[in-house]
Amino acid sequence: MNENKEQDTPEANEDWWFQYLSEDEKLERQRAAGLLEEQAEVENTSEPQWKVVARTVRKHAPKAAAIVGIGLAVTHWAVVTVKLGNLQNQHQATLETLEKRESEISQEREFTAQKEEALNTEKAQVAAKEKELALNQEQMQKQAEEAGKELSGLRESIQKMVGLSQEIYALKTEARHGVLLDLEDEKAREQAIQKSWEELSKSLAEDAAFEGERALINLRVLQSQALAGEIELHDLGSIDWEAAGMEQERALILARIYYKHARNLASQGKQAEAEALVESCIELMQNMEQATEEHNYISGMFFEVKGDLKLKEEPRVALKHYLTAIKFLDAVVKDAPDSRKLRTKLAQLCQSVSVLPSIDGKSAWSEELKQQAREQASWLVAQDPQCRSAHLLLAKLDVVAAEDCLRERKLSKVDDLLGSAKRSLDLGGGDVLIQSSLDGVRAFLAWDKGNQRSAIELMDRQVDALNGLLVAEPDNVSAYCRCAALLWARSMMQTSTVKARSDGDRALDLLASVLSGPACLRSVSARRMSARILCDLAEIEMHAGSKRKAKDYLVRSEKLWAEIRSQWGLSAEDREMEHWCVYQLTLL
């Protein structure tokens with residue numbers, strides 16, 4: 001039935017594919033076919049056109065309305081469908097957007113939570129840091145207070161050190177000024193400085209960082225006390241040489257201290273103790289590098305002390321020690337040619353040793369020492385025209401040379417030497433001992449020319465000056481010897497036997513004081529001078545007719561000549577005096 005129906009359909013007959021059209025397309029084709037049929041009818045009818053149109057309209061109006069309605073419905077549905085599709089798409093997009101946004105929000109919430117957690121952690125850390133900072137500030141405050149206290153202590157220590165430094169500097173500076181030195185108690189000032197050092201050492205004891213400085217200060221204090229003789233040498237055992245950083249200087253420092261003590265002991269006549277100290281120093285010197293300036297200097301100083309110790313009992317050995325000391329000092333001067341102190345020491349030692357009597361009449365070494373002393377003093381004056389000690393040493397050497405010329409009757413050279421001595425003496429600031437020696441030579445020249453009054457006046461003036469010096473310096477051995485020499489010379493100028501005997505006896509008393517004291521370089525010349533004075537006094541007594549007194553003088557003189565001969569040997573002049581003494585004794 002269906003097949004017959006389809007065959008009846010015009011579209012089925014004309015278009016076999018009609019069956020494949022959609023409903024809308026089929027409806028459209030049917031409508032078009034109907035219109036074509038109606039048009040054919042109109043064209044084939046003879047009715048008026050408007051009737052045809054009216055009939056067509058009436059015929060198709062319901063159907064057209066239906067079609068229009070369906071079209072509108074379809075159109076509306078299509079619109080709705082499109083809108084619904086759009087709405088669905090929008091809904092789907094909105095959902096996707098919401099899901100994406102929710103995911104983002106979730107991530108943001110998670111990120112925010114992490115940030116909050118991190119922020120809380122940071123807040124906790126900041127709180128911890130603030131607490132730590134507060135603790136640090138408190139600790140820093142305490143440290144600042146402690147540092148302030150330490151700084152205050154250091155400031156006080158530094159102020160003490162500055163004060164001590166300027167005191168020491170002032171002491172050294174004023175020591176070069178004779179007037180200031182005379183007006184001040186130097187020893188008291190040194191003790192005050194030493195006490196300040198001790199107080200500084202105590203203040204540094206609170207800080208371990210100053211252990212080395214404190215040890216060094218203690219070393220210097222003990223060194224000063226030892227040199228001043230205020231402590232025993234065994235007290236030096238408390239010195240921490242390593243902490244003070246002075247281990248390398250230990251031998252040198254102790255050697256200098258031992259030298260000072262040995263010299264003091266020798267001057268006190270404590271020979272055994274002094275010799276033991278010298279041996280201890282020799283052991284110390286073995287730890288020092290040989291042939292160095294320090295080693296040679298200390299060696300020279302100790303050979304000088306050894307000479308002092310042997311001078312009384314073994315003068316020949318003593319002289320060898322002195323010459324060895326000079327050799328060491330000369331080596332030091334060659335190593336340190338610009339040292340004025342060393343040259344001064346060498347010149348003074350050469351001059352002092354040159355006064356010793358020659359051994360067995362050999363005096364060449366004495367002249368060599370005088371020449372060496374003059375060379376050193378001349379160098380010092382050339383380098384420093386204001387060097388007073390060098391000028392005084394040159395003056396002393398010129399006076400000694402003038403005395404030698406006077407004894408040898410080389411009178412033509414005496415005036416020139418005295419003029420040179422006077423110029424040097426003035427440049428050196430003057431010296432009582434040298435002036436007395438110079439005027440003593442002048443007195444001899446005046447006496448030799450027959451000006452007895454002028455000679456006696458010169459002698460009187462210088463004897464008075466030396467008596468004043470002895471009052472001021474009762475331990476000045478050179479003053480004793482020089483005053484004795486002037487009294488001896490004046491006794492030979494006196495026309496009165498009483499005055500001559502008085503001057504001679506006074507001279508012997510002064511020399512006896514020297515001989516009864518500790519052995520020194522002047523001891524030998526004092527013994528020789530005493531022997532000669534005794535011979536001269538014996539001659540005076542013989543001329544006065546006092547044989548008993550003359551004999552007493554000669555006996556004493558003979559004894560001294562025997563001592564001199566056994567210890568030193570006699571020069572030609574000494575042998576002549578001894579022979580005269582023995583011969584006069586045989587006559588008496």
When every protein chain stays in place and a 1.4 Å probe is rolled, SER523, SER280 sorted by accessible area with the largest first are SER280, SER523
Cα-Cα longer than 30 Å, checked against LYS306/LYS551; LYS312/LYS499; LYS270/LYS345; LYS413/LYS551, kept in input order, equals LYS306/LYS551; LYS312/LYS499; LYS413/LYS551
With a ≥ b ≥ c from the Cα gyration tensor eigenvalues, square-rooted, and the rule rounded for a/c under 1.5, otherwise prolate when a/b > b/c and oblate otherwise, segment 365-480 is oblate
Burial-style ranking of 384-393, 304-313, 334-343, average other-beta-carbon count within 10 Å with highest first, yields 304-313, 384-393, 334-343
Classified through the alpha carbon gyration tensor (a ≥ b ≥ c as square roots of its eigenvalues; rounded if a/c is under 1.5, else prolate when a/b is larger than b/c, else oblate), segment 245-368 comes out oblate
For segment 263-363 the mean separation of alpha carbon contacts under 8 Å (6+ apart) over residue count, i.e. relative contact order in percent, is 21
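Could you check how much of the accessible area of segment 391-432 is carbon and sulfur, as a whole percent, using a 1.4 Å probe?
Looking at segment 391-432 in its full context, I get 51 percent from C and S.
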Ranked output for segments 368-381, 495-508, 570-583, 112-125 by mean other Cβ atoms within 10 Å, highest leading, reads 368-381, 495-508, 570-583, 112-125
In whole percent, the fraction of accessible protein surface over segment 486-538 that belongs to carbon or sulfur atoms, probe radius 1.4 Å, stands at 50
From highest to lowest solvent-accessible area (probe 1.4 Å; ligands, DNA and RNA excluded), HIS91, HIS295 read HIS91, HIS295
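The values are calculated or read from the model by the stated rules, or taken from the named source; none is laboratory data. It should be emphasised that the depicted structure is a prediction, and the values quoted were computed from it without experimental measurement. Note: ideal-geometry Cβ built from the backbone for every residue, glycine included; neighbour counts use all protein chains shown. Side chains are part of the model used for accessible areas, which takes the heavy atoms of the whole protein and leaves out ligands, DNA and RNA. Shrake-Rupley method; radii C 1.70, N 1.55, O 1.52, S 1.80 Å.
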